[in-house]
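Down below is the structure, laid out as structure tokens.
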Amino acid sequence: MAFRLFILSACLLMLIGGVQADAQEDSETIRLTVGATRVITLAENPSTGFKWQINTAQSVNPAAVRVNDLGYQRGPGQLVGAPGVHRWRIKGKAPGNAQIVFDYSRPWEHAAPARRHTVRVEITRSR
């Protein structure tokens, strides 16, 4: 019985912890006018040590936008270790295109991120 509980616990921790063989990548495109904002929401579970961070080296033309970290928000309920969301506000500063890359990783590990989310931003002049 103890061995079964151990195996079940190990499997559950791998699922919750985000242990993956390869990074999952996804992307989205948003369209803004200069001065307009959009909030993006990314699933996060800081109890596993993973958190979203901007990858400035992989981002393209970040000066065309302003990205504000709105922080982590707990999910519904009060369960310890339950996942929530991390929110980011993106504001168009100048006409053009930008690409902001977010990596989901453990800051102390020097490994590829478990997940990557790319936001392509198309900014046009206000009308």
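Stretched out straight at 0.36 nm per residue, the stretch from VAL80 to ARG127 would grow longer than its current Cα-Cα span by 12.2 nm.
From least to most packed, judged by other beta carbons within 10 angstrom and beginning with the fewest, HIS117, HIS110 follow the order HIS110, HIS117.
If r is the Cβ-Cβ distance from LYS93 to GLN24 and R0 is 35 Å, what FRET efficiency results, to the nearest 0.05? With a Förster radius of 35 Å, E is 0.75. Measuring r between the beta carbons of GLU109 and ASN61 and using R0 = 35 Å, the FRET efficiency lands at 0.80. Considering every alpha-carbon pair of the stretch 61-122, the percent of pairs per 5 Å bin, from zero through the bin containing the longest distance, is 4, 15, 18, 19, 19, 14, 7, 4, 1.
Once the C-beta distance of THR33 and GLN53 is scaled by a Förster radius of 25 Å, the resulting FRET efficiency is 0.35 to the nearest 0.05.
We did not get these values from a lab; they are worked out from the coordinates using the rules stated. Since this is a predicted model, take the numbers as computed values, not measurements. Ideal geometry is used to build each Cβ from the backbone, glycine not excepted, and the neighbour counts take in all protein chains shown.
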